1. What does the charge count near ILE405 come to, summing +1 for each Lys or Arg and -1 for each Asp or Glu among other residues with Cβ under 14 Å from its Cβ?
2. Any idea of PHE245's accessible area? Nearest 10 Å², probe 1.4 Å.
3. Would you mind counting up the charge near SER395? Only other residues with Cβ under 15 Å from its Cβ, with Lys and Arg at +1 and Asp and Glu at -1.
4. Using the per-residue mean of other Cβ atoms lying within 10 Å as a proxy for protection, in what order, highest first, do the peptides 294-301, 144-151 fall?
5. How charged is the neighbourhood of ALA212? Take every other residue with its Cβ under 14 Å from the Cβ of ALA212, and add Lys/Arg as +1 and Asp/Glu as -1.
6. Please report, in Å, the Rg and the Dmax of region 225-297, where both are computed over Cα atoms only.
7. Can you give me the accessible area per residue for region 283-439, using a 1.4 Å probe, in Å²?
8. How many nm separate the modelled label positions at TYR209 and ILE360, each set 7 Å beyond the Cα in the direction of the Cβ?
Amino acid sequence: MTADHELACAGLKDRSMEKWVIASRDIGGYQQQTRGLTSTLQAQAETLAGMFLVVSGGAISREMEVPPGIRPLLLEQDTRLSSNVHIGGPLESLPAQVFKQAKNRRRLRDLPTGSFPFLLLLLLLCIQLGGGQKKKENLLAEKVEQLMEWSSRRSIFRMNGDKFRKFIKAPPRNYSMIVMFTALQPQRQCSVCRQANEEYQILANSWRYSSAFCNKLFFSMVDYDEGTDVFQQLNMNSAPTFMHFPPKGRPKRADTFDLQRIGFAAEQLAKWIADRTDVHIRVFRPPNYSGTIALALLVSLVGGLLYLRRNNLEFIYNKTGWAMVSLCIVFAMTSGQMWNHIRGPPYAHKNPHNGQVSYIHGSSQAQFVAESHIILVLNAAITMGMVLLNEAATSKGDVGKRRIICLVGLGLVVFFFSFLLSIFRSKYHGYPYSDLDFE
């Protein structure tokens, strides 16, 4: 035995060295056991959760079914934390590193009984939450990558029920999705769907080939014959319908495009998308030379007619001819043709439940193309009646003939004006207006 050992045994050696040796040994063993316990509990997450439910007052139940490798560590750790081991002397007399370790050990010892398993469980839950967050980020990256790949092939990708639930309904999602619900199969006979699809294609192409294109907005389509379950899930009974699915939360009422009132022109869709997503799309339409060709044919026809009648141009001064041209322009403008050109409404509406086709829109804020044609014919018939009445009153022909012309003109005015008034009443509910307070 050395002299130091003899002095230590005799109590003649300075006790600070003895305290340092005891503290270092205990802390080293505690750290080794803690590392082994932590690694084992991470591999046995479910077992640890079950253990925590039966831990009571810091005592671990002996009847607990745990793996053999965990039981000794748990029991020993619980015993060490519950004991009142005292390291003699002030902690300040120890070296700095030993003092810090001993202080941390004393803090652990002073914790409430049974709190160590709880801290380990909390640590494990934090690790699992971090892993879940990483998993969500990986899943989101995969979804965005897949959508970008589809967009590189086609500006509008078709979706069935499974794709709709995975990429649109299921989180996580940090992008907006514009979906057109339609029925393009020939057996559906939806002419409006084809017209809306053309405008939707123009809008999607304008976004796909613009410099502002990014992974924050995508365009997709769900056909009724390919995603019947999606229509049923959304309680949708009409097509076409445009909806915006925001990155977070459920779609609101404003996320459904008001097709009946605004129409489905690409410019109107782009404005609606800007309101919902703050993404501004400049619509680029492909060149359409049909109007130019038609104008060229008209000029050629008029020029050829003038050339053939160059020796007799008195028809240019014909008042009746110019009056007919003027009336045609007036009928086109008063029937809403310019509104149709701007808003692009559907020609008519077919009820998907009973198959009934509506040619007159029920709102005063919108109209169908067929409705403007009907109004044009009614205005022309009423005008013809007024012309006949004027002719019967001013002509100097046979009285009987003038009487017939008068009756025909009066019949045209009464019948078609009544028809026009009934359409007005169906669109402006509450007509005829009454009980108006004029002051």
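1. Values: positive: LYS396, LYS401, ARG402, ARG403; negative: GLU391, ASP398.
Residues close to ILE405 contribute a combined charge of +2.
2. The accessible area comes out at roughly 10 Å².
3. Details: positive: LYS396, LYS401, ARG402, ARG403; negative: GLU391, ASP398.
Around SER395, the charge tally is +2.
4. Details: 294-301: 10.1, 144-151: 15.2.
Final packing ranking: 144-151, 294-301.
5. Values: positive: ARG208, LYS216, ARG282; negative: ASP278.
Its environment carries a net charge of +2.
6. Rg and Dmax of region 225-297, Cα atoms, are 16.8, 55 Å.
7. Details: 11620 Å² over 157 residues.
For region 283-439, the solvent-accessible area averages 74 Å² per residue.
8. 4.4 nm
The values are calculated or read from the model by the stated rules, or taken from the named source; none is laboratory data. Everything numeric here is computed off the predicted structure, so don't read it as measured data. Backbone-built Cβ (ideal geometry, glycine too); neighbour counts: all protein chains shown. With ligands, DNA and RNA removed, areas are computed over all heavy atoms of the protein, side chains included. Shrake-Rupley method; radii C 1.70, N 1.55, O 1.52, S 1.80 Å.
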